[in-house]
Structure formats: C-alpha cells, structure tokens
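The values are calculated or read from the model by the stated rules, or taken from the named source; none is laboratory data. These numbers were taken from a predicted model, which means no experiment stands behind them. Here Cβ is always computed from backbone atoms with ideal geometry, including for glycine, and neighbour counts include all displayed protein chains. Areas reflect the complete protein model, heavy atoms only, side chains present, ligands, DNA and RNA absent. Shrake-Rupley method; radii C 1.70, N 1.55, O 1.52, S 1.80 Å.
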Amino acid sequence: MKKIVLLGDSIRLWGYGTKVPELLGEGYEVYQPEDNCRFAAYTLRMLFDYKAQLEGADVIHFNCGLWDMCDLFGDGPFTPLEVYVEQMVRIAKILKTYAPVVIFAATTPPSPKMWGHDLDRVRAYNAAAMAALEPLGILFDDLFTPVAEDIDRMISEDYLHASPYGVEILANRVADCIKANA
C-alpha cells in the first residue's frame, strides 16, 4: 500500500483533493488535512503539526500560492516573491525528510476577472519556485497550463476555484502524476 499525502490550499481542499483518493483507488492510502493550507508561511508552520501524518509517506504532493500572490491592498502581493521562494524551499526540504518523492503543484491561474490576482504574477511565482525546487529533486506537476488554456470552463463563477469540470481535469492530472511517481 502506497502512502500518499496531499497538502495545499483551497484548490486542493475543495477541488482536486475531493476526487484524487477515489481516482488512485486500491493500493493507495491518502492523507490530506481537513484544513486549508492557505499561504506558504502557514503551510510551513503546519508541517510541525502534520509530522505524524507525513512521516513514512511514499509521495507528498503539495501546492500553495494563491494566498501568497494576492494583492489585497494594491501595495503588492501578500508574500513577496523572494520570501515565497525561500519558504517553498524550506517546505520542500522538510517534506524530503518525510518522503522520497515530493511533487510541487503549480498554482492555478485565477480568472482575469478576479481582483487582487494577476496571471503574470502567478506565472512568475510558479517559475521562480520551480527553478529553486528542481535542484532539490522536487518534481513538478503543472496545474497552471490546463487551466490557463481554458479559464472560462476550468474556473468557477467565484473566479478563483476550479469549476466542476476543472476539478475533474485537475484531479485526473494529479492522480496520474502521483501514479507515475509512486
């Protein structure tokens, strides 16, 4: 039985995480927190509390970013890019102590109609995180591209989270990535 951990913000919690355990099926035990892992600093902090559930995992698949990249007040994103990358590296190094395979899932693009978010910022954060994580042996699950190719169908009316169609596409992608690397 392969032990799989899914960590992530609401894109996981209310999105692909609702379908991945079923798609993986027998032979996989899936743990994911009932909590929204929110932004990178919160995720980093919660790794201490999740330690017992993380230890001995075969694969840890994680994402965080939408909260970090959001510019609520017009004065810049919640987490500056350099700080985000630093936190992602810290998270990845800790996760590597718990599992031989760690997969970083790119942040999905919000609808251009969503205030406080910017597609170019999401691209830049994803690229910077992956450039820093790849030398650590972290694998990459590109959840950005399939959403960006069809935002109107993939993103719900809240302009941020996956639509039912988007959840299906992302869940299948995540499950396939995990199966290919477990």
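For the chain, give the share of DSSP beta bridges that are antiparallel, in percent and rounded to the nearest 5; count only bridges with both residues there. Counting DSSP beta bridges with both partners in the chain, the antiparallel share is about 5 percent. If the viscosity is 0.692 mPa s and the temperature 37 °C, what translational diffusion coefficient in µm²/s does Stokes-Einstein give for region 123-170 when Rh comes from Kirkwood over Cα pairs? D = 277 µm²/s. Taking a span of 18 Å or more along the helix axis (Cα atoms) and a mean Kyte-Doolittle hydropathy of at least -0.5 as the rule, the DSSP H helices of the chain that qualify are 81-96, 119-133, 164-181. Kirkwood's formula applied to the C-alpha pairs of region 7-79 gives a hydrodynamic radius of 13.4 angstrom.
At the residue level, D142 shows approximately 40 square angstrom of accessible surface with a 1.4 angstrom probe and all protein chains present. In the chain, helical runs assigned H by DSSP with n ≥ 4 each contribute -39500 (n - 2.57); averaged across all residues and rounded to the nearest 500, the mean residue ellipticity at 222 nm is -13000 deg cm²/dmol. For region 28-89, applying the loop criterion from DSSP together with a ceiling of 12 other beta carbons within 10 Å to the GluC sites (Glu not before Pro) yields E34, E55. Just so you know, the Cα atoms of the chain work out to an Rg and Dmax of 15.1, 48 Å.
When Rg and the Kirkwood radius Rh are both evaluated on Cα atoms of region 49-124, their ratio Rg/Rh stands at 1.05. Descending by average beta-carbon neighbour count within 10 Å, the peptides 152-159, 101-108 line up as 101-108, 152-159, the highest first. Once the chain from Y31 to S156 is taken as fully extended at 0.36 nm per residue, the excess over their C-alpha distance is 42.4 nm. Highest average first, the peptides 92-99, 114-121 ordered by how many other beta carbon atoms sit within 10 Å of their residues are 92-99, 114-121.
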